[in-house]
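*Asks:* After the structure tokens below, expect a handful of questions from me.
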């Protein structure tokens, strides 16, 4: 819906404009003075303002300048008499979208407003996308020809054409965001924004303001209106990572968006409507989270319409050579060709890879840097964790216990975390990078050790 502000002291004319434009589906507000316009512009969002150049308290051109300072993306249309066309042209040089001479046809005004709105929408999208580019990192391509990866690619191709919500499950580092991006790129929404947020990376209050945005004055420090990521994703794809870490309160608000496409910004009195395709991801067992009362059952059933399970790297080791070649090409210096020694290949093949593809990428990047001008990557170029853990590194009674089925996946993970921490002298930041997880998630795992 186009939100229009009409500023004209000819009350009957302004009311006639409002009546007709409202019939055409626009949300129209009228005021009779520049002071009223400046007051309301700070309280509400408008897409287009229609200003009479002759106002009782302020010159229309001065008001144009003040409105654009208060709301830089608003488009302004000037209304002028025949005698002041030169003034209207001057206003266009100051940023007005167009001018119309009075009296004008309402159909003509409606058409100009619609075109101004199109320009404003494009401007908003460009601004928001520039902001969002700073939030996201460039992702690697999907690499792998294993049966498991082929199955994943088939499922992505199958679901991409629809708007069905998708739940992507998998361990940390398996490429859940890559899968979400692949769904988006194959969908009819591919030319529109792909927006991602990690629920575990932000505190609840920050997550809420990032998701839904807020109005100026909603809380201390809210000096300007802030669009939420859901608005940025309008007509595109919205990817929510680590959905299992989201608080029940925000889960409830997100469920409302899923069901009817509306939400309320912080400090707002009007609903905002969006059209987004949702993709969710988690490394948790959400069915168990629902059973334990930590996740809403209604949200789980709403987002569980189509599930894609990403395999861990240890279950698709035939993809490791392809991934290694990809990362060697990516991280080697321009024109440089790196290769692995036979011993390194053996170590990489035998390693458990708890951090999955992300950890493999980090290991190869590090090796390319440490090996410097040497073409061959040697064992000493690898992190100590590669030697400290993994199936090939379990010795004595441990390997016997593993063969007898006495070692669980959870126990192996805990043992690996211990080895990594020891190898970096207890530095949790370094350990988290090697493991391919956040510090918060590492702390959570350490509570179980």
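*Asks:* What FRET efficiency comes out for the pair residue 142/residue 269, r = Cβ-Cβ distance, R0 = 41 Å, nearest 0.05?
*Replies:* The value I calculate is 0.40.
*Asks:* Okay, next question. Measure nothing fancy, just the Cα-based angle from helix 11-23's long axis to the longest principal axis of the chain, in degrees from 0 to 90, nearest 10.
*Replies:* Orientation of helix 11-23: about 40 degrees from the principal axis.
*Asks:* A follow-up question, please. Stretch residue 440-residue 259 to full length: gain in nm at 0.36 nm per residue minus the Cα-Cα span?
*Replies:* 62.0 nm
*Asks:* Describe numerically, in nm with one decimal, the distance between label points set 7 Å from Cα along Cα→Cβ at residue 304 and at residue 157.
*Replies:* Calculated label separation equals 2.9 nm.
*Asks:* On to the next question. State, to one decimal in nm², a quarter of the convex hull surface area for the C-alpha atoms of the stretch 1-109, i.e. the direction-averaged projected area.
*Replies:* Averaged projected area of the stretch 1-109's Cα convex hull equals 6.0 nm².
*Asks:* Assuming 0.890 mPa s and 25 °C, estimate D for the chain with Stokes-Einstein, Rh taken as the Kirkwood radius over Cα pairs, in µm²/s.
*Replies:* 96
*Asks:* How high is the FRET efficiency from residue 10 to residue 90, r the C-beta distance, R0 22 Å, rounded to 0.05?
*Replies:* Details: r = 22 Å, r/R0 = 1.01.
It comes out at approximately 0.50.
*Asks:* Rounded to the nearest 500, what is the 222 nm mean residue ellipticity of the chain from helices alone, with -39500 (n - 2.57) per DSSP H run of 4+ residues and division by all residues?
*Replies:* -14000 deg cm²/dmol
*Asks:* Provide, as a two-decimal number, the C-alpha radius of gyration of the stretch 307-379 over 2.2 N^0.38 Å, N being how many residues it has. Mind dumping the intermediate values first?
*Replies:* Numbers: Rg = 12.6 Å, N = 73, 2.2 N^0.38 = 11.2 Å.
Relative to the 2.2 N^0.38 Å estimate, the stretch 307-379 comes out at 1.12.
*Asks:* Starting from 0.36 nm per residue, how many nanometres of slack lie between residue 428 and residue 318 once their C-alpha separation is accounted for?
*Replies:* 36.5 nm is the gain from fully extending residue 428 to residue 318.
*Asks:* Now a separate question. So if each residue of separation counts as 0.36 nm, and I subtract the Cα-Cα distance between residue 373 and residue 333, what length gain in nm does that give?
*Replies:* Between residue 373 and residue 333, full extension yields 13.5 nm more.
*Asks:* Turning to a different aspect of this structure: Can you give the angle from 0 to 90° between the axis of helix 356-371 and the longest principal axis of the chain, with both taken from C-alpha atoms, to the nearest 10?
*Replies:* Around 80 degrees separate the two axes.
*Asks:* Tilt of helix 60-70 relative to the longest C-alpha principal axis of the chain, in degrees (0 to 90, nearest 10)?
*Replies:* Tilt of helix 60-70: around 20 degrees.
*Asks:* From the alpha carbon gyration tensor of the stretch 147-309, can you work out the equivalent ellipsoid semi-axes (sqrt of 5 times each eigenvalue) and give them in Å, largest to smallest?
*Replies:* Working: eigenvalues 144, 68, 36 Å².
Output for the stretch 147-309: semi-axes of 27, 18, 13 Å.
*Asks:* Which percent, to the nearest 5, of DSSP beta bridges fully inside the chain are antiparallel?
*Replies:* 15
Values in this text are rule-based calculations from the coordinates and carry no lab data. Computed from a predicted model, the values in this text were never measured in an experiment. Neighbour counts are summed over all protein chains in view; Cβ atoms, including those assigned to glycine, are modelled from backbone coordinates with ideal geometry.
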